[in-house]
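Novice: Here it is: the structure, laid out below.
Derivation of every value follows stated rules applied to the coordinates shown; laboratory data play no part. Bear in mind that the values here come from a model prediction, so they are computed numbers and not experimental data. Neighbour counts run over all protein chains shown; Cβ positions are idealised from the backbone, glycine included.
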Amino acid sequence: MNGLTGGNHQPAHAPFALFRHWLDDAEAREINDPNAMCLATVDQNGLPNARMVLLKGFDDDGFVFYTNKESAKGRELAGQPQAAGVLHWKSLRRQFRFRGSVEEVSDEESDAYFVSRHRDSRIGAWASRQSRPLESRFALEKAVALYAAKFNFGEVPRPKHWGGYRIRPVEIEFWTDRPFRLHERQRFTRPAPEGDWLCEHLYP
């Protein structure tokens with residue numbers, strides 16, 4: 001299936017190494033946004049919320065995405081710092097799932113990613129009051145124009161309300177489509193977001 005055995009213990013890097021292989025395949029074969037990820041959080045009432053974001057990095061510590069911290073997802077993570085993510089690669093007939101606790105990445109990490117973004121996207125991060133009511137499209141375009149004029153041709157710094165989050169997984173699952181719904185599922189679990197994993201295969 002993927003070179004990893006089931007029902008045993010695997011080192012901390014094992015699922016991340018396999019994910020690297022899967023993501024490389026997706027980047028080569030998936031038509032659009034191979035790093036598109038469905039991110040699920042919960043609000044103060046425990047009601048789930050899900051939306052698509054872009055996975056912007058990962059390592060043995062977890063999976064990183066960036067957003068306006070004053071957005072709905074930012075507010076939900078402030079109240080309940082746990083989340084789940086799913087990447088579905090239709091062209092490969094594969095699905096990758098994970099969940100765990102969430103922490104903010106360092107200012108240095110957020111700054112490094114922010115400066116790599118297109119200038120217009122950086123200005124947009126200042127102009128958008130993400131997830132809050134918008135009175136008109138003109139109001140957004142006006143805000144963009146105001147910040148474009150403010151920064152003129154100089155550097156566009158990262159807003160303090162914008163940054164990254166790292167999901168530190170305690171559960172990871174690799175799902176592969178098979179005929180007649182007899183799919184392959186390989187799950188990695190651990191009690192805390194560090195240390196080795198228990199690896200096992202699941203019924204479809």
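Novice: Taking neighbour Cβ counts within 10 Å as the exposure measure, how do Arg97, Arg29 sort from fewest upward?
Specialist: Ordered by Cβ neighbours within 10 Å, fewest first: Arg29, Arg97.
Novice: Taking a point 7 angstrom from the Cα of Ala36 along the C-beta vector, which residues in the stretch 53-68 have backbone N less than 19 Å away?
Specialist: 53-57, 64-67
Novice: Identify which of Pro81, Pro159, Pro11 has the largest mean-square fluctuation in a Gaussian network model of the chain, with springs joining Cα atoms closer than 10 Å.
Specialist: Between Pro81, Pro159, Pro11, it is Pro11 that shows the largest mean-square fluctuation.
Novice: Against the longest principal axis of the chain, how steep is helix 107-116, in degrees 0 to 90 to the nearest 10, with axes from Cα atoms?
Specialist: Approximately 80 degrees, to the nearest 10.
Novice: Count charges around Ser116 for me, please; just the other residues with Cβ under 12 Å from its Cβ, Lys/Arg as +1, Asp/Glu as -1.
Specialist: On the way: positive: Lys56, Arg117, Arg119, Arg122, Arg158; negative: Glu109, Asp111.
Here the charged neighbours net out to +3.
Novice: Something else about it: Report the net charge of residues surrounding Gln10, where surrounding means a beta-carbon distance below 13 angstrom and charges are Lys +1, Arg +1, Asp -1, Glu -1.
Specialist: Neighbourhood net charge equals -1.
Novice: Towards the positive end of the charge dipole of the chain, with charges on Cβ (+1 Lys, Arg; -1 Asp, Glu), say which of Gly85, Asn152, Asn35 has the farthest Cα.
Specialist: Asn152
Novice: Using a Gaussian network for the chain with springs between C-alpha atoms less than 10 Å apart, which of these wobbles most: Phe188, Phe153, Phe114?
Specialist: Its mean-square fluctuation being the largest, the pick is Phe153.
Novice: Taking the 0 to 90 degree range and rounding to the nearest ten, how far is the long axis of helix 137-151 tilted relative to the main principal axis of the chain, both from C-alpha atoms?
Specialist: That helix lies at roughly 80 degrees to the long axis.
Novice: Here's another thing I want to ask about it. Measure of size requested: the Rg and Dmax of the chain, with Cα atoms as the atom set and Å as the unit; please supply both.
Specialist: Expressed in Å, the Cα Rg and Dmax of the chain come to 19.0, 59.
Novice: Using all Cα-Cα distances in the stretch 63-114, what percent lands in each 5 angstrom bin from 0 up to the longest?
Specialist: Using 5 Å bins, I get a P(r) of 5, 16, 22, 20, 20, 11, 7, 1 for the stretch 63-114.
Novice: Using just the helices of the chain, give the 222 nm mean residue ellipticity in deg cm²/dmol: DSSP H runs with n ≥ 4 each add -39,500 (n - 2.57), and the total is spread over all residues, rounded to 500.
Specialist: After summing the helix terms and dividing by residue count, I get -8500 deg cm²/dmol.
Novice: Which order, highest average first, do 49-58, 163-172 follow once you tally other Cβ atoms within 10 Å for each residue and take the mean per peptide?
Specialist: 163-172, 49-58
Novice: For Tyr203, Tyr113, what ranking results if the residue with the fewest other Cβ atoms within 10 Å of its Cβ goes first?
Specialist: On the way: Tyr203 6, Tyr113 18.
Exposure proxy ranking, most exposed first: Tyr203, Tyr113.
Novice: So for the pair Glu184, His21, with labels modelled 7 Å out along Cα→Cβ, what separation do we get in nm?
Specialist: According to this spin-label approximation, the distance is 0.9 nm.
Novice: Given charges of +1 on the Cβ of Lys and Arg and -1 on the Cβ of Asp and Glu, with all other atoms neutral, how large is the dipole of the chain about its Cα centre, in debye to the nearest 20?
Specialist: So the dipole magnitude of the chain works out to roughly 760 debye.
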